[in-house]
Amino acid sequence: MHKIWLIIQREYLTRVRKKSFIIMTLLTPLLLATFMILPGLLITMSGDEETVMVLDESGLFGDKLENKKDLKFVHLAGSLEQAKTVYQETDNTALLYIPKITIDNPEGITIYGKKNTSIQTQMRLENALEKEIENQRFMASGLDRATLDKIEADVKLNTINLSEEGEKDNNAIITSAAGVVAAVIIYFFIFLYGVQIMRGVIEEKTSRIVEVIISSVKPFQLMMGKIIGIAAVGLTQFLLWIILSFVAVTAVSAAFGIDAAPSPMEQYQAGKVAAEGESVANLDEETPEEAAANSDEFANTIQDVTQSFANLPLLLIFGCFLFYFLGGYLLYGSLFGAIGAAVDNETDTQQFMMPITIPLVISFIMSYSVVLKNPDGAVAFWMSIIPFTSPIVMMVRVPFGVPAWELLLSMGLLIVGFIFTTWLASRIYRVGILMYGKKINYKELSKWLFYRV
Amino acid sequence: MSILKIDGVTKRYSNHTALDNVSFAIPAGCIFGLLGPNGAGKTSLIRIITQITGADEGEIYFRGERLKPDHIKDMGYLPEERGLYKKMKVGEQLLYLAQLKGLSKADATARIKTWVDRFEIREWLGKHIEDLSKGMQQKVQFIATVLHEPTLIILDEPFSGFDPINANLIKDEILRLRDNGATIIFSTHRMESVEELCDNIALINRSQKVLDGPVREIKDAYKTDTFQVIGNGHLLVTSPDFKVLEQHENNGVFRANIKLENGVKPNDLLRYLVERVEIHSFVELVPSINDIFIRKVTETHHA
């Protein structure tokens, strides 16, 4: 065990100290912050103050057109021709001409602009005029605005889940997002860090250090040390991303003075990710009670933010995420390691990568196209049970609610699955790392499984 | 007492036999040459000794005990294919490899210090392996092999890739380690390169042991009672006790290879020659290990 620990340390430290790791870790949150802030920033910047000149021949509107923060009205008198001349000499946005109309027949209102008036301006003016005409019509029919506001109905559908635990608010969008975000993270984690395992093995093979190492440790120890070490690198990067993203978003928002209060959706995602990172980081120091307390506290904070979000089975989602995150990584990680051992250089990996890539990509595509639309269908069911697709597909399903037996079956099979792939990989690995200059095919690989070493 | 006893070891791969019932013993405290052409099975045997692979049949005893994982820390192995982590610093790499062999961090650090001072490479410690020349890397790798003070040091083709100066440095270190009680196994196909270093050898050819024992005894067994004589004068050998195998004469200087027959002694030849010519040099022609190997292999083929 001591030796595995040494290997884990080396794998971890050499990677974490790499420039590429540091740059990636710093750059990604910055990009993320930029993407989150940019749209808000752009909208604010486009909102220049506009001034519209008004020539009201009907006298209906008078000073009823209210000045707003970025939309001002300047009233003119005289004929249309005069108004046009005045308007031409200013750099105001538009000239609004209201001919002699009645509130029953508000036809012929015209906007004159120097260039095409933007749809936004046009709509704002229409709204302002409509509202005022409506007001006047109400007055004419003996109603006032206040009365009307009381009458007006505003219907929003609340979706409620009826289940044994009682009623729960539910929101399909947030539910889907929770699962999809988790699934996407797992998908990329498996690929990014699985390939790192493969590269690490190839590096040891091509630099020929592997023979020195395995005269000190068992090949299995070397393989597992590498897989666990790289997992730790991934989790570290992940945790740093979350922390730095928060810092970056907050800093950028503050710097630009944007009211970047995240939508419930964003807060949900960020919070979820944060909680995951937190529980991972604290795994070794925290007692389970403390961890649970933290999660509860976290859940409470979220509850304030959005009701439907808090009603998702958060603890369950976090738990599942962690499980499928690590389970999926271990399942595929050892296979990536075996590929590295079977080849001499990265260009030869292609033929062996296919069988690993395909189930991952398929589960990723199916998650969007099928599972999300029908989380309880047959496709979703089977793909969330089979270990090679379950880490991604099950994560999409979990927020919608999955029967306990399905979840347990899926988890159990994933454990069996990664024990199997690790066994398989270690058989290939122990032969492959000492095999040089030989083109390997599947037939050869299958022979390795039964070599006595 | 033998530090390593190889007893009937057989190793088969899917399409060939790498070792076929190989047995011999390696005495403690000697330099042992494991010799044979490429592909004879030397590396397979070494990998079994270092427990990288296991034998299909037969046993290996290390200091009288059956080989077990715990023995690994008493062995140092320098593989033929040298390699280190290219992106790691020399100091970190040595520390890591020593710790994998079971040294504590403090012990390893202290020993690394001793070794880098001995090789005068202290300033390399902070350098990455990839920034060192090939010869420098080999030195680092040699240190890594012996850092944990193994009692059995296995060096596969130890001098390939070393320039003559470094090769001598390594030779001296090997002799010093031997004098401090370590046993060293040299594995090489270039038999002449280790002949003068080895106390004992085993010859392996086509997965079988051909010959083993102390170098002196083997040479004695294979010597042909042939002497090379160089001197002045015209040499004409007529006695039936001496057979001239080869003779050259140039400007009154002759060189002859003479074989003793009928059980006569070297001194008889000397007396015979002294009466006839002026002798400058009289040397016994001892077969090289390479000659013995070739003889032995052709014998076994004909047999």
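The values are calculated or read from the model by the stated rules, or taken from the named source; none is laboratory data. These numbers were taken from a predicted model, which means no experiment stands behind them. Here the Cβ is made from the backbone with ideal geometry for all residues, glycine too, and neighbour counts use every protein chain on show.
Structure notes:
- Positions within region B:63-82 being within 23 Å of B:Q137 (Cβ to Cβ) and not in a loop (DSSP other than H, G, I, E, B), in sequence order: B:M75, B:G76, B:Y77, B:L78
- Against the criterion of being basic (K, R) and either not in a loop (DSSP other than H, G, I, E, B) or not assigned by TED's automatic domain parsing to the domain that holds B:G29 (or both), B:K87 does not qualify.
- Residue in region A:27-42 that is within 12 Å of another protein chain (Cβ to nearest Cβ), surrounded by 15 or more Cβ atoms within 10 Å (Cβ to Cβ) and within 28 Å of A:G200 (Cα to Cα) present: no
- Residue count, region A:228-238 (criterion: closer than 26 Å to A:I37 by Cβ and at pLDDT 85 or above): 2
Conditions tested, residue by residue: (1) closer than 18 Å to A:P355 by Cα; (2) in contact with a strand residue (DSSP E or B) (Cβ under 6 Å, 6 or more places away or on another chain); (3) within 14 Å of chain B (Cβ to nearest Cβ).
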residue	(1), (2), (3)
A:P391	yes, no, no
A:M394	no, no, no
A:P399	no, no, no
A:S410	no, no, no
A:G417	yes, no, no
A:S426	yes, no, no
A:K438	no, no, yes
A:Y451	no, no, yes
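- A:L414 vs. criteria surrounded by 13 or more Cβ atoms within 10 Å (Cβ to Cβ) and more than 19 Å from A:Y187 (Cβ to Cβ): no
- Matching entry among A:M411, A:M354 (being touching a residue at least 12 places away in the same chain (Cβ under 8 Å) and assigned by TED's automatic domain parsing to the domain that holds A:G319): A:M411
For every residue, the table says whether it meets (1) part of a helix (DSSP H, G or I); (2) surrounded by fewer than 22 Cβ atoms within 10 Å (Cβ to Cβ); (3) among the aromatic types (F, W, Y).
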| position | (1), (2), (3) |
| --- | --- |
| A:Y368 | yes, yes, yes |
| A:K373 | no, yes, no |
| A:D376 | no, yes, no |
| A:F388 | no, no, yes |
| A:V398 | yes, no, no |
| A:L424 | yes, yes, no |
| A:Y429 | yes, no, yes |
| A:Y436 | no, yes, yes |
| A:Y451 | no, yes, yes |
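- The single residue among A:K19, A:K3 that is more than 10 Å from chain B (Cβ to nearest Cβ), of a type in the set (K, R) and at negative phi turns out to be A:K19.
- Taking region B:149-250 as the region of interest, the strands (runs of 3 or more DSSP E) fully inside it that hold 1 or more residues being surrounded by 13 or more Cβ atoms within 10 Å (Cβ to Cβ) and without any contact (Cβ under 8 Å) to a residue 40 or more places away in the chain are B:208-214, B:242-250.
- Remark: A:A380 falls outside the filter, which requires a residue to be closer than 16 Å to A:G333 by Cβ and assigned to a helix (DSSP H, G or I).
- Counting only residues that are among the hydrophobic types (A, V, I, L, M, F, W, C) and not in a strand (DSSP E or B), region B:251-267 holds 1 of them.
- Enumeration of residues in region B:94-105 that are facing another protein chain (nearest Cβ under 9 Å) and not small (G, A, S): B:Y96, B:L97, B:Q99, B:L100, B:K101
- Of all residues in region B:41-71, those satisfying the criterion of being touching a residue at least 12 places away in the same chain (Cβ under 8 Å) and in contact with a helix residue (DSSP H, G or I) (Cβ under 7 Å, 6 or more places away or on another chain) are B:Q51, B:T53, B:A55, B:I60, B:F62.
Table: residues versus (1) under 29 Å from B:V215 (Cα atoms); (2) modelled with pLDDT under 90.
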residue: B:H234; (1), (2): no, yes
residue: B:N251; (1), (2): no, yes
residue: B:N257; (1), (2): yes, no
residue: B:N262; (1), (2): yes, yes
residue: B:L285; (1), (2): yes, yes
residue: B:N290; (1), (2): yes, yes
residue: B:R295; (1), (2): yes, yes
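- Consider region B:7-38 and keep the residues that are of a type in the set (G, A, S) and in contact (Cβ under 8 Å) with a residue 12 or more places away in the chain. The one that is nearest to B:E195 (Cα to Cα) is B:G33.
- Against the criterion of being in a helix (DSSP H, G or I), under 30 Å from B:E196 (Cβ atoms) and more than 9 Å from chain A (Cβ to nearest Cβ), B:T109 does not qualify.
- Restricting region A:185-223 to residues that are without any contact (Cβ under 8 Å) to a residue 60 or more places away in the chain and farther than 21 Å from B:K101 by Cβ, the residue that is nearest to the other protein chains (Cβ to nearest Cβ) is A:E203.
- Matching residues in region B:94-106 - criterion: being in a helix (DSSP H, G or I) and either surrounded by fewer than 20 Cβ atoms within 10 Å (Cβ to Cβ) or touching a strand residue (DSSP E or B) at 6+ places or on another chain (Cβ under 9 Å) (or both): B:K105, B:A106
- Looking only at region B:72-93, and only at residues there that are more than 8 Å from every other protein chain (Cβ to nearest Cβ), more than 17 Å from A:E211 (Cα to Cα) and touching a residue at least 12 places away in the same chain (Cβ under 8 Å), the one that is surrounded by the most Cβ atoms within 10 Å (Cβ to Cβ): B:V90
- The set of residues in region B:7-40 that are closer than 18 Å to B:G58 by Cα, within 14 Å of chain A (Cβ to nearest Cβ) and of a type in the set (G, A, S) contains only B:A18.
- Meets criteria (β-branched (V, I, T), in contact with a Lys or Arg (Cβ under 8 Å, 6 or more places away or on another chain), surrounded by 12 or more Cβ atoms within 10 Å (Cβ to Cβ) and at pLDDT below 80) for A:I103: yes
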